[in-house]
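Asker: This structure is in structure tokens; I'll ask about it shortly.
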Amino acid sequence: MEVVTVAEVVLFHHAQGLTSGVIGFAEELRGAGHTVHTPDLYDGHTFDTLEAGLAYSEQIGHEAIVDRGGRAVADLPAEVVYIGISLGVLNAQKLAQTRPGAHGAVLVSGCVPAAYFGHWPAEVPVRIHATDKDHIFHAEGDADAARALVAEAADAELYLYPGDRHLFADRSLPSYDEEAAEQLLRHTLTFLRSR
């Protein structure tokens with residue numbers, strides 16, 4: 001009989017907020033048996049456009065958003081996998097690097113230089129996912145940070161899917177790319193089974 005590993009996951013939303021598409025992604029992970037927490041760092045606000053969401057995040061401040069993420073996991077076990085989508089990568093990456101006990105990180109459509117939070121812990125595996133022509137990911141330095149992290153971390157992989165969408169995994173947005181989203185889900189479930 002095969003033993004199925006069940007992971008505890010914290011999924012941080014992107015700049016448009018905790019949309020129904022982010023919740024849907026969490027439900028797909030739950031459907032595979034995983035426990036998934038979805039902190040709402042925007043206190044219920046969601047935005048129809050990326051520009052409006054980014055303006056709201058600037059209003060709150062990135063430091064405050066990261067602080068909210070830290071408070072959101074304060075009562076959770078240390079042994080979790082952090083997943084961040086775009087803006088949510090800030091929280092996922094910081095916690096994976098600085099909160100002892102992390103079982104892994106999945107960074108979607110974003111990556112910051114590991115040095116921003118210190119160094120990447122050797123025991124924490126990381127998977128980075130983006131589309132290969134995502135202008136935001138490639139023009140703003142995330143792709144370079146991702147390649148550097150893959151070179152630095154002991155267990156890291158970068159997946160680039162055909163397409164140009166940034167928030168490709170959120171089925172509630174016009175930027176949704178079904179094929180890329182399905183590949184992300186498949187790779188993420190495989191990753192979580194190994195945690």
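The values are calculated or read from the model by the stated rules, or taken from the named source; none is laboratory data. No experiment lies behind these values; they were computed from the predicted model shown. Glycine gets a Cβ as well: all are built from the backbone with ideal geometry, and neighbour counts include every protein chain shown. What goes into the accessible areas is simple: the full protein's heavy atoms, side chains included, and nothing from ligands, DNA or RNA. Shrake-Rupley method; radii C 1.70, N 1.55, O 1.52, S 1.80 Å.
Asker: Does segment 69-113 hold any residues that are over 19 Å from Thr46 (Cβ atoms), over 8 Å from the mean Cα position of the chain (by Cα) and of a type in the set (A, V, I, L, M), and which are they?
Answerer: Within segment 69-113, Val73, Ala74, Leu76, Ala78, Val80, Val81, Leu95, Ala96, Ala102, Val112 qualify.
Asker: Within segment 16-40, track down each residue that is of a type in the set (A, V, I, L, M) and within 17 Å of Val108 (Cα to Cα).
Answerer: Looking only at segment 16-40, we keep the residues that are of a type in the set (A, V, I, L, M), and these are 18, 22-23, 26, 29, 32, 36.
Of everything in segment 16-40, those that are of a type in the set (A, V, I, L, M) and within 17 Å of Val108 (Cα to Cα) turn out to be Leu18, Val22, Ile23, Ala26, Leu29, Val36.
Asker: Hey, another quick one. Output the number of residues of segment 97-122 satisfying the condition of being under 15 Å from Leu11 (Cα atoms) and of a type in the set (Val, Ile, Thr).
Answerer: Residues in segment 97-122 being under 15 Å from Leu11 (Cα atoms) and of a type in the set (Val, Ile, Thr): 2 in total.
Asker: Where in segment 51-134 are the strands (runs of 3 or more DSSP E), entirely inside, with at least 3 residues that are farther than 17 Å from Glu152 by Cβ and either at pLDDT 95 or above or touching a helix residue (DSSP H, G or I) at 6+ places or on another chain (Cβ under 9 Å) (or both)?
Answerer: Working: elements: 81-85, 104-108, 126-131.
Where strands (runs of 3 or more DSSP E) fall fully within segment 51-134 and carry at least 3 residues being farther than 17 Å from Glu152 by Cβ and either at pLDDT 95 or above or touching a helix residue (DSSP H, G or I) at 6+ places or on another chain (Cβ under 9 Å) (or both), they are 81-85, 126-131.
Asker: Looking for whichever is closer than 30 Å to Asp75 by Cβ, open to solvent by less than 60 Å² (accessible area, probe 1.4 Å), touching a Ser or Thr at 6+ places or on another chain (Cβ under 8 Å) and not small (Gly, Ala, Ser) here; the options are Val106, Val124. Which one fits?
Answerer: Val106
Asker: Residues in segment 59-68 that are within 19 Å of the chain's Cα centre (by Cα) and open to solvent by 40 Å² or more (accessible area, probe 1.4 Å): how many?
Answerer: 4
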